[in-house]
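Below you'll find the structure, written out as structure tokens, and then a few comments.
What follows draws every value from the coordinates through simple rules; no lab data is involved. All values reported here derive from a predicted model rather than from experimental measurement. Neighbour counts are summed over all protein chains in view; Cβ atoms, including those assigned to glycine, are modelled from backbone coordinates with ideal geometry.
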Amino acid sequence: MSAATESDFWKDADLRKTWDEIVPGEPRETVPYVLTLAAIQRYCRSVGDLNPLYFDEAYARTTPWRGIIAPPSIHILLMFACTPMHDWMRSPGTINAGQSWSYNIPARPGDTITLQARALDKFIKKDRLFVIHDNVFFNQANEVICSGRGWTIRPS
């Protein structure tokens, strides 16, 4: 099974940083990802978003975008596609405690996406381990596609 389709989230668990090892400000390891039309359309089908802007090139050319684009929520797919299996965000038991995203330009089929990501802070509240982190996705022209900040509760 390739890394792109790996479904065993316990794989490489011993390589992931624990909460104690996460250093605020330290960049996370990321990998570039080429976004394909097939990946965009598979994602859209999986979330039930059948907007023709993501499927119909003839229609998409008549819009201000002048071609097929990915939906803004594609950052969900990109978050996993741009991080290796041993990334600490993939730890089983991680809980999404909230997030906020800003969208600048759409991702398009054929874009090479890169991610800059890091922990910003970590703290303990009511015996829970929190990490605040930020993520910025870029295309091959170094344009920001979207950026976000999130809060996760880490496993012990």
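So the values come out like this:
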item: Residue of D14, D134, D87 that the Gaussian network model of the chain assigns the largest fluctuation, springs spanning Cα pairs under 10 Å; result: D14
item: Cross-link reach list, lysines versus K17, counting only Cα pairs under 16 Å and skipping chain neighbours closer than eight places; result: K122
item: Top positive-direction residue, dipole computed over the chain with Cβ charges, set N139, L37, W151; result: W151
item: Per-residue [θ]222 nm for the chain (sum of -39500 (n - 2.57) over DSSP H runs n ≥ 4, rounded to 500); result: -4000 deg cm²/dmol
item: Cα gyration tensor of region 12-154 - equivalent ellipsoid semi-axes, whole Å, descending; result: 31, 14, 14
item: Inter-label distance, nm, simple model (7 Å from Cα along the C-beta direction), E21/F123; result: 2.6 nm
item: Centre separation in Å (Cα based) which lies between region 11-57 and region 108-131; result: 12 Å
item: Filtered trypsin sites (Lys or Arg not before Pro), region 1-90: DSSP coil and at most 10 other beta carbons within 10 Å; result: R66
item: Inter-site label distance for L50 and A141 at 7 Å from Cα along Cβ, in nm; result: 3.2 nm
item: Label point at K11 placed 7 Å out along Cα→Cβ; residues across region 43-79 whose backbone nitrogen lies under 19 Å; result: 77-79
item: 0 to 90° range, to nearest 10: angle between helix 37-47 axis and the chain longest Cα axis; result: 70 degrees
item: From phi via Karplus (6.51, -1.76, 1.60), per-residue ³J(HN,Hα) for region 126-134 in Hz, x at Gly/Pro; result: 6, 6, 10, 9, 9, 10, 9, 9, 10
